[in-house]
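Down below is the structure, laid out as structure tokens.
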Amino acid sequence: MVAPAEHFGRVEALLPPGFEPCDPERLEASIALSASESGAYALSRDGRKLAEGLELEIAMKVLERELHSLVALEAPNHVFVHAGVVASGGVAAVLPGESLAGKTTLVAALVRAGAVYYSDEFAPLDRDGLVHPFAKPVSLRDDRFAQIDHPIDALGGVAGEKPLRVGAVVVTKYDQGAEWRPRQLTAGEAALALLSHTVPAQSRPAQVLRTITRSIEGALVVEGARGEAGTVAPLVLAELERASATERPRASARGLSR
């Protein structure tokens, strides 16, 4: 990562959680932020121009997206799923979904209800199917749909630090006025639901399928439209508490589906 010295502090704050410096001789990819004499900013990757003529704030947002996307695609020992993640009772709930699906709003509601925060962007799964934290600031949209980053303690929450098994996967999207009546998915449907949100699904299909299959063993997986996040959050937390009672819980729709 290369950036003008006066902006390095801001750039460092955008680096993926848990980053570590590496030997320049071992670099596999590089992203550069540069400024022109006119004050506009440009981004390039491995010498190839990604964007130019940007205002600083926009350049920072694009840079963050590129950095996180690169890690999600190339991390060799983890499979990254577009998902929010929270934990309760020693197990995790994974909430897969793309932008504007409402996953961050639900994550924030779960944190306010007492869940431990793991991520509002990615669920990194290891070879054993455990989910790791990717605890960047929570990016909530304001009334103008601009993303505002909130430190997790500003929501009254704390961030998780250790990998956990997946107790539940909740596939949901906000639909104004919808009543929460999810259906429980079969193992095949559950795998497909996660695959559709998995970053390296095409580049590493065998590793991805093994990892996802392992991650959902014994987990409850449900799908359905939801209304307000505050109504659904207590149901998800109640199911996670039940899942934490056994080492490898059996799937149960009690409390989440009808």
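In table form, for the structure just shown:
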quantity: Residues of region 97-107 classified as surrounded by fewer than 24 Cβ atoms within 10 Å (Cβ to Cβ) and either touching a residue at least 12 places away in the same chain (Cβ under 8 Å) or closer than 22 Å to residue 162 by Cα (or both), total; calculated: 6
quantity: Residue 190 hydrophobic (A, V, I, L, M, F, W, C), surrounded by 19 or more Cβ atoms within 10 Å (Cβ to Cβ) and part of a helix (DSSP H, G or I); calculated: yes
quantity: Residue match in region 59-72 (condition: of a type outside the set (Asp, Glu) and at positive phi); calculated: no
quantity: Residue within region 77-84 that is within 24 Å of residue 212 (Cα to Cα), surrounded by fewer than 16 Cβ atoms within 10 Å (Cβ to Cβ) and not basic (Lys, Arg) present; calculated: yes
quantity: Residue 51 assigned to a strand (DSSP E or B), out of contact with any His (no Cβ under 7 Å at 6 or more places or on another chain) and on the phi < 0 side of the Ramachandran plot; calculated: yes
quantity: Filter result for residue 37 (outside any helix (DSSP H, G or I) and surrounded by fewer than 10 Cβ atoms within 10 Å (Cβ to Cβ)); calculated: yes
quantity: Those residues of region 80-137 which are small (Gly, Ala, Ser), within 15 Å of residue 194 (Cβ to Cβ) and part of a strand (DSSP E or B), in sequence order; calculated: 83, 84, 92, 93, 119, 123
quantity: Looking only at region 54-78, and only at residues there that are in a loop (DSSP other than H, G, I, E, B) and within 23 Å of the chain's Cα centre (by Cα), the one that is modelled with the highest pLDDT; calculated: 78
quantity: Any pair with Cβ under 6 angstrom, 6 or more apart, that starts in region 40-66 at a residue that is closer than 25 Å to residue 148 by Cβ and ends at one that is assigned to a helix (DSSP H, G or I) and small (Gly, Ala, Ser); calculated: 41/59
quantity: Positions within region 193-203 being in contact with a helix residue (DSSP H, G or I) (Cβ under 9 Å, 6 or more places away or on another chain), surrounded by 15 or more Cβ atoms within 10 Å (Cβ to Cβ) and either under 17 Å from residue 103 (Cβ atoms) or in contact (Cβ under 8 Å) with a residue 12 or more places away in the chain (or both), in sequence order; calculated: 194, 195, 198, 199, 200
quantity: Single residue of 222, 232 found to be aliphatic (A, V, I, L, M) and in contact with a Ser or Thr (Cβ under 6 Å, 6 or more places away or on another chain); calculated: 222
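The values are calculated or read from the model by the stated rules, or taken from the named source; none is laboratory data. This structure is a prediction, so every number in the text was calculated from the model and none was measured. No Cβ is skipped: glycine too gets one built from the backbone with ideal geometry, and neighbour counts run over all protein chains shown.
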